[in-house]
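K.L.:
Pasting a structure here, questions to come.
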Amino acid sequence: ILPGESKELSVQLPRTPADHPPLRDFGLWLFIEARQSESSKALPAGYVIADCCITIEKPEPFAALPGSVCAGSVAPRRSLHCGDAAVLERGNVTVVKAAGYVAKLGASHRITLTNPKGVELLADASIRPCFSRATLDNDRCGVDFFVPWLAKVPVVSHVLDMLGFLSMNASWTLVGLQNLLHSKERSEWTNSAEGPKLSIMEILTSEDGQDCLRVTLEYIFGAESIFLTASVALASESCPVAHLPSLPRVGLRMVLPSSFSKMTWLGCGPGETYPDRKAAGDWSIHCKDVDDLGEDYIVPSENGGRADVHWAAFTATTGDGLLFQYLCPDAAASLDDPKDGAAEQRPRNMQGAQVSASRLSLEELENTSHRHLLPKVNESRPVHVHLDTAHAGVGGVGEGGSKLWATATQFLINPKCGPWNFSVILTPIDSETWLHHATP
């Protein structure tokens, strides 16, 4: 097509194989790229001049949750249609055997999860709440950036914090948000119609013993999937966390085996996207190698996230993997305002989970001052996954245009606007049950 010309295209939609669920249930998108046909003085042949993503059919919602943050979406997976799960008590270890997986839980409820073939699905046997992130440049926006010792003087630091002069990172450090201690308050096994249910309630405390957050986790072990429901709330209205300008994140962290090197997701992409940095992201199904998700910033920090994710699957070359599906019944977030607005329960216009995956842990990023000092990454390192129901903006649009070195208030997380409720469905998959076989 020459400059100034137009052309009409006819596209044949794919047909659904007889043995597959309807493909349109999973959504249908049309990607169009305009490329340079021949080399010129300015551009090589094949250079992408423009592209666009058109949603032909939206995926079917996973649950009936009108007016919520996220009703989820149906993932391209074939169901096994198998029987109920069962619980077997073996001393201090509870074993849940199901058609789709085997889960073992010790006294501390650390979960060992394998598929029916014995393939390990969780690398460090734990799913933990997470409320901190590797500090960004915009998290350091405060007087302590220029005079660091001010944040270390007890009385002075608290006065500056009350006046709003400290950076968010300094405020998080004063509370000890990066080092909260888990104190299990109670746990209980019961039966439900879907399968055995484990309820855990714990209090997260600061290093000086002050209660900060109350976390409730409920696991229901079904025949094919584990349904994890989480609720996070302030320990009290006067707890230290309640006075923070924002929480960095509210979510879960887990570690997957090193072989789960491919991530396929329904959300914004294909590049890095965050609540205040997603205008150029296409909301559709994307696929990338885990090692290609991150951004190599000079100062290591939070990076490589994907916004508004409804589901994400991590798979090995064998086809074995683990699927995460996200649901959130909380009221939908407000639309973003060009003039900025007040911080709420979630960043404005957040419509799914914020997901990131990396072979570097949060602690390795946080404790490294320059990228050349980071541990060497190779395929033998496990995959660290964060799935957040709320994640503060990264400063993609500045503070309403008045400050470039800051994050707009409307993209922060107001600690007093909780609680935060969400669900994650964990489903083992393999080459027979997982229907998305595209390569990155």
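The values are calculated or read from the model by the stated rules, or taken from the named source; none is laboratory data. Just so we're clear, the structure is a prediction, and the values are computed from it rather than from any experiment. No Cβ is skipped: glycine too gets one built from the backbone with ideal geometry, and neighbour counts run over all protein chains shown. These area figures cover heavy atoms from the full protein model, side chains too; ligands, DNA and RNA do not enter into them. Shrake-Rupley method; radii C 1.70, N 1.55, O 1.52, S 1.80 Å.
K.L.:
Along the range 41-57, what does the Karplus equation 6.51 cos²θ - 1.76 cosθ + 1.60 (θ = phi - 60°) give for ³J(HN,Hα), rounded to whole Hz, x for Gly and Pro?
P.N.:
5, 9, 9, x, 4, x, 5, 7, 7, 7, 8, 7, 10, 10, 7, 7, 9
K.L.:
Can you give me the distance in nm between label points at SER380 and GLU237, each placed 7 Å from the Cα along the Cα-to-Cβ direction?
P.N.:
Result: 5.5 nm between the two label points.
K.L.:
Please give, to one decimal in nm, the separation of the simple spin-label points placed at LEU30 and GLU8, each 7 Å out from Cα toward the Cβ.
P.N.:
Simple spin-label model gives 1.3 nm for this pair.
K.L.:
Right, something else. Apply the a/c threshold of 1.5 to the C-alpha gyration tensor of the range 347-437 and tell me whether it is rounded, prolate or oblate.
P.N.:
Working: a/c = 2.35, a/b = 1.25, b/c = 1.87.
Cα axes put the range 347-437 in the oblate bin.
K.L.:
Further question on the same structure: Taking θ = phi - 60°, what integer Hz values does the Karplus form 6.51 cos²θ - 1.76 cosθ + 1.60 yield along the range 371-385, in sequence order, with x for Gly and Pro?
P.N.:
For the range 371-385, the Karplus-derived couplings read 4, 6, 9, 5, x, 5, 9, 9, 6, 8, 7, x, 9, 8, 10 Hz, x marking Gly and Pro.
K.L.:
If you don't mind, another one. Of LEU365, PHE145, ILE298, which is farthest along the charge dipole of the chain in the positive direction, counting Lys and Arg as +1 and Asp and Glu as -1 at C-beta?
P.N.:
LEU365
K.L.:
Another question, if that's okay. Please work out whether the range 288-424 counts as rounded, prolate or oblate from its C-alpha gyration tensor, where a ≥ b ≥ c are the square roots of the eigenvalues and a/c under 1.5 means rounded, while otherwise a/b larger than b/c means prolate and anything else oblate?
P.N.:
Verdict is oblate for the range 288-424.
K.L.:
How much of the accessible area of the range 163-268, probe 1.4 Å, is carbon plus sulfur, in whole percent? Write out the running numbers ahead of the final one.
P.N.:
On the way: 1900 of 3990 Å².
The computed percentage sits at 48.
K.L.:
Please work out the average accessible area per residue across the chain, using the 1.4 Å probe convention, and give it in Å².
P.N.:
Ligands and nucleic acids excluded, the result is 48 Å² per residue.
K.L.:
With Kirkwood's inverse mean 1/r over C-alpha pairs for Rh, give me the Rg to Rh ratio of the range 229-365, two decimals please.
P.N.:
0.98
K.L.:
For GLU366 and ALA331 in one chain, what is 0.36 nm times their gap in residues minus the Cα-Cα distance, to one decimal in nm?
P.N.:
Extending this stretch completely gives an extra 9.3 nm.
K.L.:
Per the helix-only calculation at 222 nm, which mean residue ellipticity applies to the chain, given -39500 (n - 2.57) for every DSSP H run of n ≥ 4 and division by its residues, nearest 500 deg cm²/dmol?
P.N.:
Working: 4 runs with 27 residues, N = 440.
Estimated from H runs of four or more residues: -1500 deg cm²/dmol.
K.L.:
While we're here: Pop the C-beta distance of SER79 and THR439 into the FRET formula with R0 = 30 Å and round what comes out to the nearest 0.05. The partial results should precede the final answer.
P.N.:
Working: r = 25 Å, r/R0 = 0.82.
Rounded to the nearest 0.05, the efficiency is 0.75.
K.L.:
Moving on. Grab the beta carbon distance between ALA64 and GLU194, set R0 = 22 Å, and tell me the FRET efficiency rounded to 0.05.
P.N.:
0.85
K.L.:
Give LYS41/LYS278; LYS97/LYS288; LYS117/LYS197; LYS184/LYS278 a once-over and call out the pairs whose C-alpha atoms are over 30 Å from each other.
P.N.:
Exceeds cut-off: LYS41/LYS278; LYS97/LYS288; LYS184/LYS278.
K.L.:
Further question: In Å and on Cα atoms, what radius of gyration and Dmax does the chain show?
P.N.:
Answer for the chain, Rg first and Dmax second: 22.9, 76 Å.
K.L.:
So, with +1 on the Cβ of K and R and -1 on the Cβ of D and E, and no other charges, what is the size of the charge dipole of the chain about its Cα centre, to the nearest 20 debye?
P.N.:
Using Cβ point charges on Lys, Arg, Asp and Glu, the chain gives about 360 debye.
K.L.:
If you don't mind, there's one more thing I want to ask. Summarise the accessible area of the range 107-157 (1.4 Å probe, protein heavy atoms) by the percent that is carbon and sulfur.
P.N.:
On the range 107-157, the fraction of accessible area on carbon and sulfur atoms equals 64 percent.
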